[in-house]
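Accompanying notes for the structure given below.
The values are calculated or read from the model by the stated rules, or taken from the named source; none is laboratory data. Note that this is a predicted model, so its numbers are computed, not measured. When we count neighbours, we look across all protein chains shown, and the Cβ atoms used for this are built from the backbone with ideal geometry, even at glycine. Each accessible area value is taken on the protein alone, full model and side chains, heavy atoms only, with ligands, DNA and RNA left out. Shrake-Rupley method; radii C 1.70, N 1.55, O 1.52, S 1.80 Å.
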Amino acid sequence: MSSCHLNPYLQFTRLDEWLSYLENLHTKEIDLGLTRIKQVADILAIDLSFATVITVAGTNGKGTTCAFMENALLSDTTHGKANSVAVYSSPHIEHFNERLRINKRDVNDSALIKAFIQIEQARGTISLSYYEYTTLAALLVLMVEKPNYIILEVGLGGRLDATNIIDANVAVITTIDLDHQSFLGNDRETIGFEKAGIMRANQNIVIGDTNAPKSVIAHANSLGDNGRVYLRNDNFCIYEETSTEATSSWTWQYQSTSFTKLNSPFIPRDNVATALMVLLSLGIKLSTAFINQIIEKTKVAGRTEVFKQSNGCDIVLDVGHNPQATRYLAGYLQKMKLTKPNSNRKVYAVVAMLGDKDISNSLLGLKDEIDYWYTSELNVPRAAPISLMTEKLNAFTNNINCFDNIGEAFRIANEQANTDDLILVFGSFYTVAAIRQQLLIN
């Protein structure tokens, strides 16, 4: 065994060195299970009982639900003083530090390195995956910072995800759809069971799926106190008030509590609805004015994120990579077209995906909204080969343009699109990260 493996903390002084080490530490990139991480967590005495913990699972909508709750809790003065709020999420778009933010600030390198050293000293011969290792590091940083609220976004599934070593005060399920089938199962009921594994007895449980699988509802009800289970369209709901090309307002309701004249959000409205139920269940004081303030504040990088070019067309970035996400994107594009009703607006799609995704159905969800397709292969091990992307696209379109890399695909699409047109970049966090970096530089 090499000295590097025994004492890497004696040599590694930079975060990138540590991350490179962690990428090669475990035999599998994804290795679900809690046995290994629990063993090391016990040695490290991981304990977040000082905070109110909210764990969020689901196929889509986790990141935006977390962001809305984060902004609301940071603005809340229910208890007469400002809250401290942390969010742990994955994957990141540009920098690893994005995975843990405290009061909207990404954790610094030195705090992470200190945590990595503690883990390396504690784990002995216990092998940890990259995600398990980095999750433990985030928990150690949180134990030092001690925020009032901690929001944990589940990485994959729920029951066997590393975040599930923590007993949360609130369990949140956003939506359930087909994704990561090789790990979670091939139908919504089986996947729902895995997501529901974050639930505990004696906690608030908020289920935001408008058509929640029976496995999710059954597991929630089996935990006892039904008064603390909040189910969308059963306990809380939303409905449209007005909707025109220019304005849209809606109402959120739970029992006798309702908030009217809510503004249209920048993130999916369903995720705002779920977040509001969580906040209300925690006793946070809400009002229409307060909610609209948070709606205006909540924009999330890579989630229907719009870049408006001064001398070019609009660009929308979205990390959507499964059929449910692309169905939502289709509806979003329809609304975007209405903002320029008298133009012949064309939509250019720049897409690259991972090979283990449901590529066919993800692309089919957008086939009626896209005029021209620009595709390439990502430079990562799990990337879908360009031959596979073109095969799936050929099933419904002839307007396909292939490129060596996603940056070149975007450059040509941007050159060919007119001012009134729109470019959608989607398919993976990796896809969005590559293009977003270019846009920020320019």
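List of remarks:
- Matching residues, region 391-412, being open to solvent by less than 60 Å² (accessible area, probe 1.4 Å), of a type in the set (S, T, N, Q) and out of contact with any helix residue (DSSP H, G or I) (no Cβ under 8 Å at 6 or more places or on another chain): Thr397
- So Val300, is it touching a Gly at 6+ places or on another chain (Cβ under 9 Å) and aliphatic (A, V, I, L, M): yes
- Thr175 being open to solvent by 10 Å² or more (accessible area, probe 1.4 Å), part of a helix (DSSP H, G or I) and under 30 Å from Phe236 (Cα atoms): no
- When Gln293 is tested against the conditions (1) in a helix (DSSP H, G or I); (2) surrounded by 18 or more Cβ atoms within 10 Å (Cβ to Cβ), the lone failure is (2).
- From Ala86, Ala51, Ala72, Ala67, residue being more than 21 Å from the chain's Cα centre (by Cα), more than 21 Å from Glu194 (Cα to Cα) and not charged (D, E, K, R): Ala51
- Residues that are of a type outside the set (S, T, N, Q), more than 22 Å from the chain's Cα centre (by Cα) and under 14 Å from Trp252 (Cα atoms) within region 281-300 comprise Leu286, Ala289, Phe290, listed in sequence order.
- Listed here are the strands (runs of 3 or more DSSP E) enclosed by region 195-285 that have at least 2 residues being of a type in the set (Asp, Glu): 236-243.
- Selection count where residues are outside any loop (DSSP other than H, G, I, E, B) and either farther than 14 Å from Asp371 by Cβ or open to solvent by less than 20 Å² (accessible area, probe 1.4 Å) (or both), scope region 333-342: 3
For (1) over 21 Å from Arg303 (Cβ atoms); (2) at pLDDT below 95, each residue gets a yes or a no:
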position: Leu48; (1), (2): yes, no
position: Val53; (1), (2): yes, no
position: Gly61; (1), (2): no, yes
position: Asn97; (1), (2): no, no
position: Arg123; (1), (2): yes, yes
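- When Leu15, Leu25, Leu48 are screened for being out of contact with any Lys or Arg (no Cβ under 7 Å at 6 or more places or on another chain), open to solvent by 20 Å² or more (accessible area, probe 1.4 Å) and touching a residue at least 24 places away in the same chain (Cβ under 8 Å), only Leu25 passes.
Per-residue answers, yes or no, for (1) under 16 Å from Gly365 (Cβ atoms); (2) in contact with a helix residue (DSSP H, G or I) (Cβ under 9 Å, 6 or more places away or on another chain); (3) of a type outside the set (A, V, I, L, M):
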{"residue": "Pro268", "(1), (2), (3)": "yes, yes, yes"}
{"residue": "Val278", "(1), (2), (3)": "no, yes, no"}
{"residue": "Asn292", "(1), (2), (3)": "no, no, yes"}
{"residue": "Thr298", "(1), (2), (3)": "no, yes, yes"}
{"residue": "Asn311", "(1), (2), (3)": "no, no, yes"}
{"residue": "Gln334", "(1), (2), (3)": "yes, no, yes"}
{"residue": "Leu338", "(1), (2), (3)": "no, no, no"}
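- Selection within region 301-314: residues that are among the hydrophobic types (A, V, I, L, M, F, W, C) and in a loop (DSSP other than H, G, I, E, B). The member of this set that is nearest to the chain's Cα centre (by Cα) is Ala301.
- Residue in region 315-332 that is of a type in the set (Gly, Ala, Ser), surrounded by fewer than 18 Cβ atoms within 10 Å (Cβ to Cβ), at pLDDT below 95 and outside any helix (DSSP H, G or I) present: no
- Qualifying residue in region 60-74 (condition: open to solvent by 60 Å² or more (accessible area, probe 1.4 Å), free of Cβ contacts under 8 Å to residues at least 60 places away in the same chain and not basic (Lys, Arg)): no
- Ile166 β-branched (Val, Ile, Thr), open to solvent by 10 Å² or more (accessible area, probe 1.4 Å) and at pLDDT 95 or above: yes
- Among the candidates Arg303, Arg269, the residue that is touching a residue at least 60 places away in the same chain (Cβ under 8 Å) and open to solvent by 40 Å² or more (accessible area, probe 1.4 Å) is uniquely Arg303.
- Residues that are crowded, with 20+ Cβ neighbours inside 10 Å and not in a helix (DSSP H, G or I) within region 423-442 comprise Ile423, Leu424, Val425, Phe426, Gly427, Ser428, listed in sequence order.
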